[in-house]
Amino acid sequence: MATRDDAVEYDWPSLEEPARSALRQAVAVVGERTEPTGIIAAGSILRGMGDPRSDIDLYVIHEQPWKQRLQRRLAGVRVEIFINNERSVRGYLEEERVEGRPVTAHMLATGHVVLCRREQVRRIIKQGRDQVSHPPEVSGQALLMQRYMIVDSLENAMDVAQRDPVTAIMILHEVVTSLVRYRFTSTGHHIPRTKELLPRMAEIDPELASLVHRFCGAPGLDGRLALATRIAHHTIGVTEFFEWESERIPVPEASD
């Protein structure tokens with residue numbers, strides 16, 4: 001139900017306490033800092049899927065030349081507040097489009113619009129919705145670079161395995177996470193949030209999801225190293241140094 005407060009119209013979502021009070025307090029915090037033109041409340045709590053530690057994501061658009069991120073505990077609920085102007089929001093959307101990981105776009109697309117006072121806010125929300133509804137546009141060169149970086153990290157783990165097994169295990173966990181994310185983008189899927197990586201991967205590539213489960217439960221370095229190598233072979237088809245070259249990237253000449 002939309003309500004009017006100090007000549008500003010809000011459309012509050014239907015939430016149970018204490019989330020209801022937390023959202024209203026968060027909007028009040030925003031109003032003390034800037035005059036928003038758009039406010040979108042997002043997160044699993046808004047979707048009715050909250051866990052005990054879930055928070056409310058509050059995406060705020062204003063017209064001032066600054067951005068800020070706030071974390072607050074309001075009415076006992078964790079709230080993350082992202083304040084951006086139109087230029088910074090569009091910058092995030094472009095970066096995420098290239099990376100195939102639409103964090104901002106997902107908040108804009110799935111969140112509840114609490115406030116919308118400008119037409120450009122509607123256009124930004126539409127851009128977010130369009131972005132999540134289409135496959136990622138990750139270039140072949142970008143995927144090639146990712147493969148190189150993954151293989152480089154895998155070889156780093158092999159290099160230190162004997163003298164520093166703990167560091168090797170740390171690196172291997174990063175390698176496997178990168179491989180799962182690569183699998184999403186290389187197959188035309190957006191990269192989900194970290195806690196949704198494996199459930200979503202089980203839908204796309206059950207064999208890979210099974211290998212990752214085995215990797216995480218494997219005892220000792222040798223088992224993890226063997227499984228990480230299998231995952232790399234399954235995902236990117238290479239496990240060691242390979243020849244490649246990037247495109248030529250123009251470098252602007254220095255101005256006088």
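The values are calculated or read from the model by the stated rules, or taken from the named source; none is laboratory data. Since the model is a prediction, treat every value here as computed from it, not as a measurement. When we count neighbours, we look across all protein chains shown, and the Cβ atoms used for this are built from the backbone with ideal geometry, even at glycine.
One line per residue, one yes/no per condition, for (1) over 17 Å from residue 121 (Cα atoms); (2) surrounded by 14 or more Cβ atoms within 10 Å (Cβ to Cβ); (3) touching a helix residue (DSSP H, G or I) at 6+ places or on another chain (Cβ under 9 Å):
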position	(1), (2), (3)
15	yes, yes, yes
19	yes, yes, no
22	yes, yes, no
36	no, yes, yes
43	yes, yes, yes
48	yes, no, no
85	no, yes, no
89	no, yes, yes
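Can you run down the residue pairs with Cβ atoms below 9 Å, 6 or more apart or on separate chains, where the first is in region 53-64 and without any contact (Cβ under 8 Å) to a residue 24 or more places away in the chain and assigned by TED's automatic domain parsing to the domain that holds residue 121 and the partner is surrounded by fewer than 24 Cβ atoms within 10 Å (Cβ to Cβ) and polar (S, T, N, Q)?
none
Starting from region 15-30, keep only residues that are touching a residue at least 40 places away in the same chain (Cβ under 8 Å) and part of a loop (DSSP other than H, G, I, E, B), then list their pairs with residues that are loosely packed, with under 14 Cβ neighbours inside 10 Å and not β-branched (Val, Ile, Thr) whose Cβ atoms are within a distance under 6 Å, requiring at least 6 positions of separation or different chains.
Qualifying pairs under 6 Å: 18/76.
Please determine whether any residue of region 209-220 is of a type outside the set (Gly, Ala, Ser), modelled with pLDDT of 95 or more and under 22 Å from residue 103 (Cβ atoms).
Looking through region 209-220, at least one residue is of a type outside the set (Gly, Ala, Ser), modelled with pLDDT of 95 or more and under 22 Å from residue 103 (Cβ atoms).
With the requirement that a residue be modelled with pLDDT of 95 or more and surrounded by 19 or more Cβ atoms within 10 Å (Cβ to Cβ), what does region 187-204 give you?
Listed by number, the list holds a single entry, 201.
Answer yes if at least one residue in region 68-79 is in contact with a Gly (Cβ under 6 Å, 6 or more places away or on another chain) and within 27 Å of residue 131 (Cα to Cα), and no otherwise. Explain how you work it out, then say what you get.
Restricting attention to region 68-79, the residues satisfying the condition of being in contact with a Gly (Cβ under 6 Å, 6 or more places away or on another chain) are none.
Checking region 68-79: not a single residue is in contact with a Gly (Cβ under 6 Å, 6 or more places away or on another chain) and within 27 Å of residue 131 (Cα to Cα).
Residues that are of a type outside the set (A, V, I, L, M, F, W, C): find the strands (runs of 3 or more DSSP E) completely inside region 37-137 holding 2 or more of those.
Numbers: elements: 38-42, 55-62, 68-74, 77-85, 112-116.
Here the list reads 55-62, 68-74, 77-85.
In region 143-157, which residue that is surrounded by 14 or more Cβ atoms within 10 Å (Cβ to Cβ), of a type in the set (A, V, I, L, M, F, W, C) and farther than 15 Å from residue 228 by Cα is nearest to the chain's Cα centre (by Cα)?
So the residue we want is 143.
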